[in-house]
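Scroll down for the structure; my scribbles are underneath it.
The values are calculated or read from the model by the stated rules, or taken from the named source; none is laboratory data. Owing to the predicted nature of the structure, the values given are computational and were not obtained by experimental measurement. Ideal geometry is used to build each Cβ from the backbone, glycine not excepted, and the neighbour counts take in all protein chains shown. SASA here: full protein model, heavy atoms, side chains in, ligands and nucleic acids out. Shrake-Rupley method; radii C 1.70, N 1.55, O 1.52, S 1.80 Å.
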Amino acid sequence: MRTRRRGTGSLLLLVSGAVAGCDPGGQGTPLPEEGPSERFPFDDVTTSVGLDFHHYPGATGHYYFVEPVGSGVALLDFDSDGDMDVYLVQAGTVPGAAEGVPIIALPEGSAPGNRLYENRLVPDGSLAFVDTTERAGVGDDGYGMGVAVGDVDNDGDPDLFVTNFGADVFYRNDGAGRFTDVTSLAGTLDDRWNTSAAFLDYDRDGDLDLFVATYVRFNRSTNKTCFTADGRRDYCSPGSFKPTVDRLYRNDGDWRFTDVTVTAGLAAAEGNGLGVTVDDFNGDGWTDIYVANDQGANHLWLSDGDGGFRETGVMSGSAYNATGQVEASMGVSSGDFDGDGDPDLFMTHLKGQTNTLYRNDGTGHFMDVTGMLALGSASRPHTGFGTAWFDLENDGDLDLFVANGAVTLMREQAGDSAYPYAQPNQLFRNHGGGRFEDLSGTAGPVFEIAEVSRGAAFGDLDNDGDTDIVMTNNYGPARVLLNRAADGTAFLSVTLADPSSPRDAAGAKVGLRLADGRVIWRRCGTDGSYLSAGDPRVLFGLEGLPTTVALEVRWPSGRAESFPLQAGQRQLTVAEGEGDPSH
Amino acid sequence: MSLFRSLAWIIVATLTLTACGPGSDADTRNRDLPVAALEGLSDTAADRIRRAMEAAGSEPRQAQAVGEYAMILHAYQQLDAAEAAYELARALVEGPDPWALYHGVLLLDTDRPQAALQAFENAQAEPVAMVYQARALLADGRPLEAEVLLLQVLEASPGRIDALLELAAIRQQSGDFETAAEDYRKALAEEKELAEAHYGLAQALRGSGREAAALAEMELFERYRGREWRSQDDPRRAIAELAVSERRFVDEAKAKLAQADFDSAIASLEQARQINPENLSTLTNLIALYGRVGRLEDCVDAYRAAVAIDPNYYQAHFNLGVVMASIDREQEAESAFRRAAAIDPARPEPYIEYGGLLSRHGESRLAVEEFRRALDRDPDNIRARFLLGRQLAIGGDNQQAIAYLKELVGRDDPAVPSMLRVLAGTYGQAGDVASARHTLEIALADASRRNQATVVGQIEDDLRRLAALESGG
């Protein structure tokens, strides 16, 4: 087992300091020549940082149901040098597809398969990405769906689990920038249509287990012919296919996993699983699982603390919307948006539905408060996918980004586009008073571009203490969106260390106690959004907030500790067992 | 902003489409009639729109005709053109404005609540318009005003369900769970199978700390879920009914099929086919249903239409094969099944069905081959295994038959108890009475557990006959 390196080599250590000085740029986006835009919250820096990835779903006019689903993206520090690298999942030709002419050709020079881009911020000092896929050995060329990141073997570096329409792939990080395919060893070989996945320590035995959401029973021969309301050929809906059971794999150590789906009780309910997030929803200290099921009741699997789960979606109020209607449910994010100490849920849905915000009452019971908080009507024209709670301006409350892109024909684009499903993305600011403001109309060029967006990963790419975004687009380029809204603001970045193993303390809850008595809660984890994995570091925005007093940590082991803070502190590394016991 | 190609039929989106009501604006009245993009629409939809447009375009312009044209456009999701047509109709109308309500619904559904409010304010003062006005206020972030309006509606119409539901939702969202619960109960007093009200009441009860009652309401919600309710005067109902849509007829057909009303199911599917002649799913279902009721010519016609669209559509060939097999037209059945199998070699069903036909014709050896092929493709297929075992038994190969059939013991399928009777019979044929009895006892237990009264009776008869055989020596 490798010893985890500290200091600048630490997986979760942030580099403090000024904003990384990279020039802005965006593919086809008109930006002022004088430099980074300070008027808009995000700048598209994709071109200037060298992230050259184009997603290709392989549509040939047969409207295979797998084509519009899209693929995800992960942020991970694969080389443990202190900055977030990017792993992008590619689709490709639909397995077993009948012959046909591609509706859009793969751009010349595009390499097939997934790609890993090394972030050169450390050691070069500026944000730039270099394709290191071949050297790393992670270029799986299956029809890629999602990716989950976690340190499975507790050796201090993140491993990768890639879901495919077809056999999934498990990559072990061997250190030194290389990975090994250990799928067969792990026993997770599964060729169903798996989508989002999440690592969690469901049994609190100190290693990360794996939950995998499965979509529908579908293969090329079961594809159906579907039409729009006005008679045009289009993709079907998930209702045309049968749902499936998701999977839970227990980590038995030494890269061996056991499928405990049935014994853990998760075979009790089927669904069309697309989005997954894990959190302690009822505050009992055990990690629960929430699955966004497309056009079906969402599932809330509450842990019984004894290796089992009970599905409580309907009874918890998180299966349907406020009127008891099933919604599409693609992307999902858990976060404490109202600052009452428990994780709330936000989910993205289809055009014609609203995205949904479920407020948690602290006991794992939820109420749909979408309309009350003005998040409803703005989302109705759009089909949302990747999303997350994140602090846009580092003002201490959680805002929202939604990656949009249609799955049914956009009639007004049908005559002009070979792939008429484009929609602009959205940004919602939390006013802290129980309302959200749709900033999309004034948030600049990034939110004027209409693409078929899908996955989104959130994290601090340039280590300047704010949250940036990497987004994927069907038949489009991946985009790197650099946060400008929080430039120069106060923040605290927390690295959590588990002395029993070198890995990050995934699943830990971290609370920042302020001088006015409030506690801002965040969670250490990489799951959520859509098919994607985010930055595991815990970032607190402190702009305009009272003095910080202490850090409260509820470790995955169940221990609760408190750590004192110094005024003006921007970085903190805490280890379990080194704090003061707290309740 | 999208760009539109210049075609013969283009959406006149560049016309000035203001969000305000047209009032008596002479410019609006003199606007050209908006035209819809008909490219890609089904013939039925395009025909309906053209006829409505012709009526609307006749001089002098009539508000009624233009308004009806707007509704047809609205029904077929030609929303830009529908909006322009509503504005024109409203500019032409003299006196009460019946189109303001529909116009407002379109504006609300396209996320322009403030414009919708202006439209609703000009609508005739009916309860449904006030309910929609309240919805627009809610969408505009003005729940207090919405609440006041809904209370006015309920003062005049105390049992109005849509108003009660909206009011309850407002109260629920503001945390007034007790009053919200009362509102939901009032709605349920008017319509007890209102799933939305049961769900809302459950949430309200939970908010009030009455968990047990909340769970009971959730169970009622689950029971009634899926039954959509809309008031008779809801403009969305009128618009939806105009869209004589393929989906509606397909859904009707499914419902009729569930009642085994094949003729009605066919009639609905024929309507769906008229709207969209290229829907392969509709065509293949018609193949099967025509065959079921003996309309062979229509069956073949639907088949030819399906394969003309997609010669490699598996289901079309398979369904034709089933129909031909059912009327013992062996050659045509074989041809269809072979075609299906060639298209999707992994599927066992073509071999199962053709084997069944061969078996009925006494071609035992050939039937065995077909059933083996089916089982090779899907070793878990219970039906293939059973048919193969049975056919081997029919052919006198008891040992092989038993080897296949005994794999059915313990399989979880409603057909297994009946299948085990054949295994028992095969044991008997092979002289193994003890195994025959044991198999029947297993089958009896399984059939009893599944409440299969008829099968239980048959197995009990088998056991009696077996006992008689044994005692008779």
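Considering the stretch A:366-383 alone, what residues qualify as being touching a residue at least 24 places away in the same chain (Cβ under 8 Å) and within 20 Å of A:Thr408 (Cβ to Cβ)? Scanning the stretch A:366-383 gives A:Ala378, A:Ser379, A:Arg380, A:Pro381, A:His382, A:Thr383. If you check A:Gly441, A:Gly384, A:Gly396 for being away from chain B (no Cβ under 11 Å) and open to solvent by 40 Å² or more (accessible area, probe 1.4 Å), only one passes: A:Gly441. Among the residues of the stretch A:54-64, the ones that are in contact with a Ser or Thr (Cβ under 9 Å, 6 or more places away or on another chain) and open to solvent by 10 Å² or more (accessible area, probe 1.4 Å) come to 4 in all. Restricting A:Arg115, A:Arg120 to residues that are under 17 Å from A:Val470 (Cβ atoms), within 20 Å of the chain's Cα centre (by Cα) and open to solvent by 10 Å² or more (accessible area, probe 1.4 Å) narrows the list to A:Arg115.
The helices (runs of 4 or more DSSP H) located wholly in the stretch B:366-471 that include 3 or more residues which are free of Cβ contacts under 8 Å to residues at least 24 places away in the same chain and open to solvent by 60 Å² or more (accessible area, probe 1.4 Å) occupy B:433-449, B:453-471. Looking only at residues in the stretch B:221-248 that are more than 11 Å from chain A (Cβ to nearest Cβ) and part of a helix (DSSP H, G or I), the one that is most open to solvent (accessible area, probe 1.4 Å) is B:Arg223. Do we find that A:Thr277 is on the phi < 0 side of the Ramachandran plot, polar (S, T, N, Q) and in a strand (DSSP E or B) in this structure? Yes. Of A:Gly558, A:Gly517, all but one fail to be without any contact (Cβ under 8 Å) to a residue 12 or more places away in the chain, of a type outside the set (A, V, I, L, M, F, W, C) and not in a strand (DSSP E or B); the exception is A:Gly517.
Evaluating B:Gly209 against the criteria (1) away from chain A (no Cβ under 11 Å); (2) surrounded by fewer than 17 Cβ atoms within 10 Å (Cβ to Cβ) leaves one unmet condition, (1).
Listed conditions (1) among the polar types (S, T, N, Q); (2) outside any strand (DSSP E or B); (3) in contact (Cβ under 8 Å) with a residue 40 or more places away in the chain; (4) over 23 Å from A:Tyr290 (Cβ atoms) are all met by A:Thr188, apart from (4). Among the residues examined, B:Glu178 does not qualify as open to solvent by 20 Å² or more (accessible area, probe 1.4 Å), in a loop (DSSP other than H, G, I, E, B) and of a type outside the set (Gly, Ala, Ser). Restricting attention to the stretch A:344-367 and to residues that are touching a Ser or Thr at 6+ places or on another chain (Cβ under 6 Å) and open to solvent by 10 Å² or more (accessible area, probe 1.4 Å), the residue that is nearest to the other protein chains (Cβ to nearest Cβ) turns out to be A:His365. Counting the residues of the stretch A:417-430 that are at pLDDT below 90 and within 12 Å of another protein chain (Cβ to nearest Cβ) gives 2.
For every residue, the table says whether it meets (1) within 22 Å of the chain's Cα centre (by Cα); (2) surrounded by 23 or more Cβ atoms within 10 Å (Cβ to Cβ); (3) away from every other protein chain (no Cβ under 14 Å).
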| residue | (1), (2), (3) |
| --- | --- |
| A:Asp252 | no, no, yes |
| A:Phe257 | no, no, yes |
| A:Thr277 | yes, yes, yes |
| A:Gly283 | no, no, yes |
| A:Val291 | yes, yes, yes |
| A:Gln295 | yes, no, no |
| A:Gly308 | no, no, yes |
| A:Glu311 | no, no, no |
| A:Ser318 | yes, yes, no |
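Residue count for the stretch B:83-119, restricted to those that are of a type outside the set (A, V, I, L, M), within 14 Å of chain A (Cβ to nearest Cβ) and either in a helix (DSSP H, G or I) or under 19 Å from B:Val35 (Cβ atoms) (or both): 4.
Under the condition of being touching a Ser or Thr at 6+ places or on another chain (Cβ under 8 Å) and within 17 Å of B:Ala146 (Cα to Cα), the residues counted in the stretch B:169-196 number 2.
For beta carbons closer than 6 Å, sequence separation of 6+ or different chains, a first residue in the stretch B:178-204 that is closer than 12 Å to A:Gly324 by Cβ and a second that is buried (at least 17 other Cβ atoms within 10 Å of the Cβ) and basic (Lys, Arg), the qualifying pairs are B:Ala195/B:Arg225. Return the pairs, sorted by first residue and then second, in which the second residue is modelled with pLDDT under 85 and open to solvent by 10 Å² or more (accessible area, probe 1.4 Å), the first residue lies in the stretch B:54-79 and is more than 23 Å from B:Arg248 (Cβ to Cβ), the beta carbons are less than 8 Å apart, and the residues are 6+ apart or on different chains. That search, which allows pairs on different chains as well, returns B:Arg61/B:Arg29. Restricting the first member to the stretch B:272-287 and to residues that are closer than 12 Å to B:Tyr303 by Cα, and the second to residues that are part of a helix (DSSP H, G or I) and of a type in the set (S, T, N, Q), the beta-carbon pairs closer than 7 Å and six or more apart or on different chains are B:Thr284/B:Gln315; B:Thr284/B:Asn319; B:Ile287/B:Asn319. Say we look at the stretch B:51-77 and pick out the residues that are over 21 Å from B:Arg29 (Cβ atoms) and either within 14 Å of another protein chain (Cβ to nearest Cβ) or in contact with a strand residue (DSSP E or B) (Cβ under 9 Å, 6 or more places away or on another chain) (or both); which of these is most open to solvent (accessible area, probe 1.4 Å)? That would be B:Gln77. Of everything in the stretch B:335-357 that is within 14 Å of chain A (Cβ to nearest Cβ) and in a helix (DSSP H, G or I), the residue that is surrounded by the most Cβ atoms within 10 Å (Cβ to Cβ) is B:Pro350.
Just one of the numbered conditions (1) free of Cβ contacts under 8 Å to residues at least 40 places away in the same chain; (2) touching a strand residue (DSSP E or B) at 6+ places or on another chain (Cβ under 7 Å) is not true of B:Ala267: (2).
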